[in-house]
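Take a look at the structure below.
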Amino acid sequence: IPSPRLEMPVTVPCQYRTGKTLGSGTYAIVKEAIHIETGKYFACKVINKKLMEGREHMVRNEIAVLKRVSSGHRNIVTLHDYFETSHNLYLCFDLCTGGELFDRICAKGNYYEGDAADLVRTIFEAVKYIHDSGIVHRDLKPENLLFRTPAEDADIMIADFGLSRVLEDEKFHKLTEICGTPGYMAPEIFKKTGHGKPVDVWAMGVVTYFLLAGYTPFDRDSQQLEMEAIIAGDYKFEPVEYWANVSETAKDFVRKCLTIDPAERPTAAEVLKHRVRVVHLPIGILMA
Ligand code: ADP
Ligand code: MG
């Protein structure tokens, strides 16, 4: 990474050398980066300014949100540093070496409902913290949930605050732009009736479904059909062989998160009160 030209306040203007690519999303490439002076490893999100033209405010917003929530909770990625050159914006995060949630689950030999319940509870605790801080994440999905280390009991981390928003006054401030990842987007986003924190609970319902079965509930042949299924709340716990070992409690949990009306949908705090009954039977045929 070249020497930063300081156009923004910078904590420590220092140099990094980038290594392998860790992942990429819509606007960014995330690379492993070594801080030359200390030899410490980081994850550096490199955002091309040309690609972001006209949407630079999204990155400023991401930084503003991260300043508010990052380092305040052990399950939220920490932003360490940020700087820019004439071509790129750089966001340096704590390196998560354990990979994305999706890959980890697929790699697991034996997998139990209790494992899913533990993960979902931890993520929801972090979501509650984000919501209590007046922020809605809006892009919760397995690609944005990372493990801190490769260890079996590694912390799960919420990453990618690129679509998140600060809600100034929750009663009146409703978001209306259509954004997110279609399969995880709540009905009210498509309906453009205004949305807020409940969209994160919906997305977590989809994530939970995915953790229990190995596939997502609203997968359809086209985006139009997918959107219609989401608006109608049209999903099933099928094929039955994938759900045979999943408890009624877990299904009930998913049903509650996937409540069509956002006003009726439980909040993150309410969801955390759901009684978990751990069943010790392997689940998710696809993943076995
Ligand atoms: P985008 O907004 O483009 O989706 P993300 O912030 O989600 O960018 O990063 C893209 C991908 O890079 C993630 O899905 C993940 O695989 C990887 N990644 C992001 N942050 C880290 C991190 N701190 N440590 C390791 N990998 C990361
Ligand atoms: Mg992402």
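Take the residues in region 127-159 that are among the acidic types (Asp, Glu) and more than 15 Å from MET185 (Cβ to Cβ); name whichever of them is farthest from ligand 1 (Cβ to nearest atom).
From region 127-159, those among the acidic types (Asp, Glu) are 132, 139, 143, 152-153, 155; that's our starting set.
Next, only the ones that are more than 15 Å from MET185 (Cβ to Cβ) stay: 132, 152-153, 155.
On the way: ASP132: 22, GLU152: 18, ASP153: 18, ASP155: 12 Å.
So the residue we want is ASP132.
Scoring GLU170 on the criteria (1) surrounded by 14 or more Cβ atoms within 10 Å (Cβ to Cβ); (2) part of a loop (DSSP other than H, G, I, E, B) leaves a single failure, condition (1). Taking the listed residues TRP243, TRP202, the one that is at pLDDT below 95 and either among the hydroxyl-bearing types (Ser, Thr, Tyr) or at negative phi (or both) is TRP243, with no other qualifying. Scanning region 63-78 for residues that are at pLDDT 90 or above and assigned to a loop (DSSP other than H, G, I, E, B) yields a count of 5. Of all the criteria given as (1) within 11 Å of ligand 1 (Cβ to nearest atom); (2) in contact (Cβ under 8 Å) with a residue 60 or more places away in the chain, the one not satisfied by LEU51 is (2).
Just a yes or no: is a residue in region 192-202 within 27 Å of ALA250 (Cα to Cα), among the polar types (S, T, N, Q) and in a loop (DSSP other than H, G, I, E, B)? Reasoning before the result, please.
Kept after step one, since they are within 27 Å of ALA250 (Cα to Cα), are these residues of region 192-202: 195-202.
Imposing the further condition that a residue be among the polar types (S, T, N, Q) reduces the set to none.
Checking region 192-202: not a single residue is within 27 Å of ALA250 (Cα to Cα), among the polar types (S, T, N, Q) and in a loop (DSSP other than H, G, I, E, B).
Checked against (1) closer than 14 Å to PHE93 by Cα; (2) part of a loop (DSSP other than H, G, I, E, B), ASP81 meets all criteria but (2). Within region 24-48, the set of residues being assigned to a strand (DSSP E or B), within 10 Å of ligand 1 (Cβ to nearest atom) and polar (S, T, N, Q) comprises just one member, SER24.
Does at least one position in region 178-189 carry a residue that is of a type in the set (A, V, I, L, M), under 22 Å from ALA268 (Cβ atoms), within 15 Å of ligand 2 (Cβ to nearest atom) and modelled with pLDDT under 95? So that I can check it myself, show each step before the final result.
First pass over region 178-189, keeping only residues of a type in the set (A, V, I, L, M): 178, 185-186, 189.
Going one step further and asking which of them are under 22 Å from ALA268 (Cβ atoms), we end up with 185-186, 189.
From what's left, within 15 Å of ligand 2 (Cβ to nearest atom): 185.
Next, only the ones that are modelled with pLDDT under 95 stay: none.
No, there is no match, as no residue in region 178-189 is of a type in the set (A, V, I, L, M), under 22 Å from ALA268 (Cβ atoms), within 15 Å of ligand 2 (Cβ to nearest atom) and modelled with pLDDT under 95.
Only residues that are at pLDDT 95 or above and surrounded by fewer than 19 Cβ atoms within 10 Å (Cβ to Cβ) were counted across region 135-153, and they come to 2.
The residue of region 25-62 that is surrounded by the fewest Cβ atoms within 10 Å (Cβ to Cβ), among those that are more than 16 Å from ligand 2 (Cβ to nearest atom) and of a type in the set (Ser, Thr, Tyr), is THR38.
Hey, could you check region 84-114 for residues that are part of a helix (DSSP H, G or I) and out of contact with any helix residue (DSSP H, G or I) (no Cβ under 8 Å at 6 or more places or on another chain) and say which is surrounded by the fewest Cβ atoms within 10 Å (Cβ to Cβ)? Spell out the reasoning first.
Filtering region 84-114 down to residues part of a helix (DSSP H, G or I) leaves 101-107, 113-114.
After this cut, where a residue has to be out of contact with any helix residue (DSSP H, G or I) (no Cβ under 8 Å at 6 or more places or on another chain) as well, the list is 103-104, 107, 114.
On the way: ASP103: 14, ARG104: 19, ALA107: 10, GLY114: 15.
Here the answer is ALA107.
The values are calculated or read from the model by the stated rules, or taken from the named source; none is laboratory data. Fair warning: this is a prediction, and the values are worked out from it, not measured in the lab. Methodologically, a virtual Cβ is constructed for each residue, glycine included, from the backbone with ideal geometry; neighbour enumeration extends over all protein chains shown.
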